[in-house]
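All remarks here apply to the structure that follows.
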Amino acid sequence: MDYLEINGGRKLSGKIDISGAKNAALPVIAATLLNDGISKIDNLPNVVDIKTLLKLIEILGAKVSWINQNAVEIDTTNITSTRAVYEIVSKMRASILVLGPLLTRFGECEVSLPGGCAIGQRPIDMHLKALEAMGADIEIKGGYVRAVAKNGLKGARIIFDKITVGGTENILMAASMAKGVTEIINAAREPEIVQLCEMLQSAGIEIEGVGSSRLLIRGSGGEAIKFPKTISVIPDRIEAGTYLCAGAITYSSITLERVNIEHIQTTIDKLLTMGCDFNIKDESITIYPAKQLKEVNIVTAEYPGFPTDMQAQFMAVASIADGESLIEERLFENRFMHVSELNRLGADIWLKGNTAAIRPVDKLYGADVMATDLRASSALVLAALAAQGTTRIRRIYHLDRGYDNLEGKLKKLNADIIRKKENS
Ligand code: UD1
């Protein structure tokens, strides 16, 4: 198994490009199942989660042709199966995104239950309840969700009890081929949702309220939909935020290109509070380090609030600030697994319920640590970049799921980082 070895304490410098957003690309790929022809996608990030979803739709009968490393053509004319198998769904929860498109296009499907994951239970009850409201019969048997809507789905008024990104995406896709109008109240407003809405709009689906918490979707009434234009995946706001944190924690100035500044505003605001500064020009952002990092208080929330996917990275940065920081996690019940690993690197973090108190330490020191989930892993990379000495991070398959060419980009920024094989 691969691990990362990082010799910390070096200043970073230089410029890198931000990749396409994994979390935007996943629903875009799932939505190609609504098409009975060819869809083209570019600016795909080169990460394992994208390959996993492409593999899943290939098993369903889609033909995937790579145009280059970041662009694919997906032919979903002849879908031969509507069963999303456990072997793939268990690797990646976002596979549940095929449920809405398969059901609305074919009137039936079976999707393995994704099960729990390290950061919490992550149920899909709201996805299922909404599909039932649209006329689906749903049964859970043998670890699979079996959904049937023989005469197609019907538009309905869906009120989500809680804001759900994946749930909003699944219902948007389901509604796009349903009969009549679907109203989604308490919809998620993440940029990834806006990208999916714009993709559906480019296929002629009428959607009102894009970017707001109330969406009105007029379905095609069972007609498969065509995507006439290449869908270009939006920049990854979490990858951009992670590299800004790399600049902050190493007291370095680095520049990121191909960023959507609006999407990372809360990250910028928190780093300003911590004493960093920025120069922003169009799609480029340069971070200037703080003289001394200051403490910060963070409460995670749905977009446009502070993203839970940036919580772990800020905890790493806050660990060497000069006062006590508080971070409250409101979205997932168990998203603090990085705490014990950051403490192995010398941080002083205490947990009480869903709040972490990060007490200041002068320095972090290299150690052997274990990655536990995707964003927790990037927090360990950040801490290792700032730590004195050598850190070895194991189980980096978590990082490979979501960070495109992490070592390559960090090396370009002058980090001393190398991927090694166990026993090499
Ligand atoms: C997506 C992101 C993930 C991010 C999360 C929150 C992708 C592929 N993943 O995950 O990186 O951390 O949004 O911004 O885009 N919930 C229920 N019942 C449901 C659905 C969700 O109780 O049916 C709960 C979840 O357990 C969680 C909260 O709602 O506590 C938000 O989850 P959701 O927004 O659905 O997250 P994902 O779409 O899984």
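The values are calculated or read from the model by the stated rules, or taken from the named source; none is laboratory data. Values in this document were obtained by computation on a predicted structure and should not be read as measured data. Neighbour counts run over all protein chains shown; Cβ positions are idealised from the backbone, glycine included. Heads up: the accessible areas ignore ligands, DNA and RNA and are worked out on the full protein's heavy atoms, side chains in. Shrake-Rupley method; radii C 1.70, N 1.55, O 1.52, S 1.80 Å.
Rg (Å, one decimal) plus Dmax (Å, integer) for the alpha carbons of the range 123-202?
12.5, 38
Given a Förster distance of 45 angstrom, what is the FRET efficiency for Glu324 paired with Ser81, based on the Cβ-Cβ distance and rounded to 0.05? Don't skip to the answer; put the middle values down first.
On the way: r = 54 Å, r/R0 = 1.20.
Taking R0 as 45 Å, the efficiency between Glu324 and Ser81 is 0.25.
Computed FRET efficiency, Cβ-Cβ of Val361 and Lys51, R0 25 Å: what is it to the nearest 0.05?
0.05
Per residue, how many Å² of accessible area does the chain show with a 1.4 Å probe?
Per residue, the chain has an accessible area of 40 Å².
Rounded to a whole number, what is D in µm²/s for the range 78-151 from Stokes-Einstein with the Kirkwood radius over alpha-carbon pairs (20 °C, 1.002 mPa s)? List each step's numbers first, then the result.
Working: Rh = 12.5 Å.
Translational D for this selection: 172 µm²/s.
How many nm separate the modelled label positions at Asp282 and Val181, each set 7 Å beyond the Cα in the direction of the Cβ?
Here the modelled spin labels are 4.0 nm apart.
How would the range 139-252 be classified by its alpha-carbon gyration tensor: rounded, prolate or oblate, with rounded meaning a/c under 1.5 and the a/b versus b/c comparison settling the rest?
Details: a/c = 2.17, a/b = 1.71, b/c = 1.27.
Prolate, because a/c is 1.5 or more and a/b exceeds b/c.
Can you tell me the FRET efficiency between Arg258 and Lys226 if r is taken as the Cβ-Cβ distance and R0 is 30 Å, rounded to the nearest 0.05?
The computed FRET efficiency comes out at 0.60.
Jot down the radius of gyration and Dmax of the range 1-56, Cα atoms only, both in angstrom.
In Å, with Rg to one decimal and Dmax whole: 16.5, 53.
What list of whole percents do you get for P(r) of the range 243-369, with Cα-Cα distances grouped in 10 Å bins up to the one holding the largest distance?
Result, from short to long distances: 13, 44, 34, 8, 0 percent.
When the chain is modelled as a GNM with alpha-carbon springs shorter than 10 Å, which of Gly180, Gly366, Gly20 fluctuates the most?
Top of the fluctuation ranking is Gly180.
What's the Cα-based Rg to Rh of the range 304-424, Rh via Kirkwood?
So for the range 304-424, dividing Rg by the Kirkwood Rh gives 0.96.
Provide the convex hull volume over Cα atoms per residue for the range 192-253, in Å³.
Spread over its residues, the Cα hull of the range 192-253 gives 106 Å³ apiece.
Can you return the lysines within cross-link range of Lys409? Criterion is Cα-Cα under 18 Å, with same-chain partners fewer than 8 residues away left out.
Leaving aside lysines fewer than 8 places away in the same chain, those within reach of Lys409 are Lys11, Lys15, Lys22, Lys420.
Could you estimate the translational diffusion coefficient of the range 369-424 from the Stokes-Einstein equation, with Rh from the Kirkwood formula over C-alpha pairs, at 10 °C and 1.306 mPa s, in whole µm²/s?
136
Which value in Å is the Kirkwood Rh of the chain over different Cα pairs? Kindly include the intermediate steps, with their values, before the conclusion.
Working: mean 1/r = 0.0454 Å⁻¹.
Computed over the chain, the radius equals 22.0 Å.
When only Cα pairs under 8 Å and 6 or more residues apart are kept, what is the percent relative contact order across the chain?
21
Could you give the C-alpha radius of gyration of the range 36-194 expressed as a fraction of 2.2 N^0.38 Å, taking N as the number of residues it contains?
So the Cα radius of gyration is 1.01 times the expected 2.2 N^0.38 Å.
If you roll a 1.4 Å probe over the chain with all protein chains in place, what percent of the accessible area is carbon or sulfur?
The C+S portion of the solvent-accessible surface of the chain is 47 percent.
Would you work out the relative contact order for the range 180-330, in percent, from Cα pairs under 8 angstrom that are 6 or more residues apart?
Numbers: 247 pairs, mean separation 29.5, N = 151.
Relative contact order of the range 180-330: 20 percent.
With each label point set 7 Å from Cα along the Cα-Cβ vector, what nm distance links Ile140 and Leu272?
The two pseudo-label positions are separated by 4.4 nm.
Apply the a/c threshold of 1.5 to the C-alpha gyration tensor of the range 277-337 and tell me whether it is rounded, prolate or oblate. Walk me through the numbers on the way to the answer.
Values: a/c = 2.57, a/b = 1.30, b/c = 1.98.
Note, shape of the range 277-337 comes out oblate.
In what sequence, highest mean first, do 222-233, 26-37 appear when ranked by Cβ atoms within 10 angstrom?
Packing proxy ranking, top to bottom: 26-37, 222-233.
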